[in-house]
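Only the coordinates and a few stated rules stand behind these numbers; no lab work does. All values derive from a computational prediction rather than experimental measurement. Glycine gets a Cβ as well: all are built from the backbone with ideal geometry, and neighbour counts include every protein chain shown.
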Amino acid sequence: MSMIDESVSAPARVAEPGEGISVDELRLAARNHGMPLEALRYDVTPVGLHYLLTHYDIPALDPATWRLSVDGSVSRPLTIGLDDLHAREQVTQRVTLECAGNGRARLDPRPVSQPWLDEAVGTASWTGVRLADLLTEAGVSAGAVDVAFTGADRGVERGEEQTYRRGLPLGEALLPDVLLAYAMNGQPLPPQHGAPVRLVVPGWYGMAHVKWLMGVTVLDTPFDGYQNVTSYRLKQEPDDPGEPVTRILPKALIQPPGIPDFQSRTRIVDRGTVELTGRAWSGWAPVVAVEVSVNGGNSWHQASLGPQPDAYAWRAWTWTWDARSPGRYSLRARARDDAGNGQPVEAAWNRQGMANNHAQRVDVVVR
Ligand SMILES: Nc1nc2c(c(=O)[nH]1)N[C@H]1C(S)=C(S)[C@@H](COP(=O)(O)O)O[C@H]1N2
Ligand SMILES: [Mo]
C-alpha cells in the first residue's frame with residue numbers, strides 16, 4: 001500500500017447542506033451508468049441495459065493467456081485457464097445485482113460518491129462453475145475462515161493504492177450457488193462486466209461480485225482489505241468501525257407508467273385505469289408481498305406477485321390503479337421478504353450511503 005496526496009485522492013466526506021452534485025460526481029455517474037427504469041419490463045436485463053459500476057479502469061485481459069490461481073490455505077493450489085473452466089460442469093443462474101450505493105444521492109446530507117438514485121440494479125443469467133467445486137478440489141485447510149477474491153483492476157481510493165479485492169466468509173463462499181461466471185445472458189462476459197471471469201455471489205450487494213477475477217485465496221485469518229474494513233460499512237461517524245454490508249435488503253421498483261417529461265422525467269398518463277407493474281427482490285429470502293401507495297398516507301394496496309424465478313432473481317408484480325381524477329400524484333412501492341425484512345418509506349442515513357432500501361417515488365400527472 002502506498003499513500004497518495006489528498007489533492008489527488010479526496011478523503012471521504014458528506015456534502016455541505018445544499019451542496020449540489022459536482023463535476024467529479026457527474027463524471028462517475030456518466031461512466032457508471034444505471035439501468036433505464038423502463039428496462040424493468042425484462043425478466044432478464046439485456047446486457048447493455050444492465051447497470052455498471054467500476055471503481056477504477058476496465059482492464060484488458062486476454063482470455064487466451066488469462067489464468068486463475070486458487071491458493072492460500074489449501075492443500076493443492078490450482079492454476080486454471082479458461083478452457084479448463086469451460087470443460088467443467090456448467091451451471092446457469094438468474095441473479096439480480098444491486099449496487100450497495102443505490103439510493104445514495106437522495107440522502108441528506110449526501111455522501112459524496114457515485115450519486116445513484118434508484119437505477120443501480122439489473123438481472124442477468126450467469127453461466128459458470130461452482131466456486132465450491134474448485135475449493136473442494138484445492139482442499140481447504142481446517143482453520144480457514146475467509147476467502148479473498150482479487151480482480152485485475154488497480155487504482156487509488158481515499159489515498160490508498162490498491163487492487164480491487166474483497167473477502168467473503170468461508171461459509172458463504174462454499175454455498176452451492178456461488179459461481180465463477182464466464183457468460184452473461186448466454187454470451188461471453190463483455191469487458192465492462194468482468195471478462196473473462198467474474199465472481200457471482202447471489203443475494204449479496206454488488207461489491208461482492210468481483211470482476212476480472214485473477215485470484216481466489218483461502219485465508220486462516222479474517223480478510224482485512226480496504227473494500228471490507230474501510231469501505232462498505234454501515235456507520236454514522238468517520239471513525240466508527242461500523243457493520244459490514246452483506247446481503248441485499250428487499251426492494252420494489254415501479255416501472256414508470258405513461259410517458260416522461262424530458263427534463264424532470266415526471267410521468268404523464270391519461271386518466272382511467274393504469275396497470276402498474278414493476279419488480280421486487282431480496283437477498284435474504286423470497287419476496288412475499290409488494291404494496292403500492294398513491295400520495296403517501298397509510299393506505300397501502302396489495303399488489304399481485306408473478307412467479308419467483310431463481311431464488312435471487314427479481315419477481316414481477318402488478319397493481320391496477322384507478323386514476324380517474326386528473327392531478328398530480330406520487331406513487332411508492334415497498335416489498336417484504338419471507339425473513340420479515342421490509343422497506344422504510346424514508347431513507348435511513350449512513351455515512352457511505354450504503355444498503356439504502358427506502359421506497360422509490362414516481363411523480364405522475366394524470367391528465
Ligand atoms: N474487480 C472489480 N470488481 C467489482 C468492482 C470493481 O470496481 N472492480 N465493482 C463492484 C461493485 S461496487 C459493483 S456494484 C459490481 C457491479 O457489477 P456490474 O458492473 O457488472 O453491474 O461489481 C463489483 N465488482
Ligand atoms: Mo457497488
What percent of all Cα-Cα pairs in the stretch 23-231 falls into each 5 Å bin, going from 0 up to the bin containing the maximum distance? 1, 7, 15, 20, 20, 17, 11, 6, 3, 1, 0
For the stretch 251-366, list log₁₀ I(q)/I(0) at each q in 0.13, 0.17 Å⁻¹, using the Debye formula over Cα point scatterers of equal strength and ignoring solvent, two decimals each. -0.52, -0.85
Which order do the peptides 15-23, 189-197 take when ranked by the mean count of other beta-carbon atoms within 10 Å per residue, highest first? 189-197, 15-23
Report the gain in length on full extension from SER75 to GLN302: 0.36 nm times residue separation, minus Cα-Cα distance, nm rounded to one decimal. 76.4 nm
Treat each spin label as a single point 7 Å out from the Cα along the C-beta direction, and report the THR136 to GLU161 distance in nm. 4.2 nm
Amide H of ASP153 versus every other amide H placed in the peptide plane: which residues, excluding those fewer than 5 positions away on the same chain, fall under 5 Å? TYR164
Is the C-alpha gyration tensor of the stretch 124-254 telling us rounded, prolate or oblate? Criteria: a/c under 1.5 is rounded; beyond that, a/b larger than b/c is prolate, otherwise oblate. rounded
Of all the Cα-Cα pairs you can form in the stretch 187-333, what percent are over 26 Å apart? 49 percent
Provide, as a two-decimal number, the C-alpha radius of gyration of the stretch 78-122 over 2.2 N^0.38 Å, N being how many residues it has. 1.95
If the only charges are +1 at each Lys and Arg Cβ and -1 at each Asp and Glu Cβ, what is the size of the charge dipole of the chain around the Cα centre, to the nearest 20 debye? 1100 debye
Using the Cα centre as the reference, give the magnitude of the dipole from point charges on the C-beta atoms of the stretch 211-351 (Lys, Arg: +1; Asp, Glu: -1; all else neutral), rounded to the nearest 20 debye. 560 debye
Output ³J(HN,Hα) for the stretch 165-175: one whole-Hz value per residue in order, computed from phi by the Karplus curve 6.51 cos²θ - 1.76 cosθ + 1.60 with θ = phi - 60°, and x for Gly and Pro. 8, 10, x, 9, x, 3, x, 6, 5, 8, 4
Over the chain, with a single point scatterer placed on each C-alpha, what log10 of the ratio I(q)/I(0) does the Debye formula yield at q = 0.10 1/Å? -0.65
May I ask you to compute the full-extension gain from ASP270 to ASP24, defined as 0.36 nm times their residue separation minus their alpha-carbon distance, rounded to one decimal in nm? 84.6 nm
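Considering only DSSP states other than H, G, I, E and B, which trypsin sites (Lys or Arg not before Pro) in the stretch 246-343 qualify as loop sites with at most 16 other Cβ atoms within 10 Å? Before the final figure, lay out each step's value.
On the way: sites: ARG247, LYS251, ARG265, ARG267, ARG271, ARG279, ARG315, ARG324, ARG328, ARG332, ARG334, ARG336; in loops: ARG265, ARG271, ARG324.
In loop regions of the stretch 246-343 (DSSP not H, G, I, E or B), the sparsely surrounded trypsin sites (Lys or Arg not before Pro) are ARG265, ARG271, ARG324.
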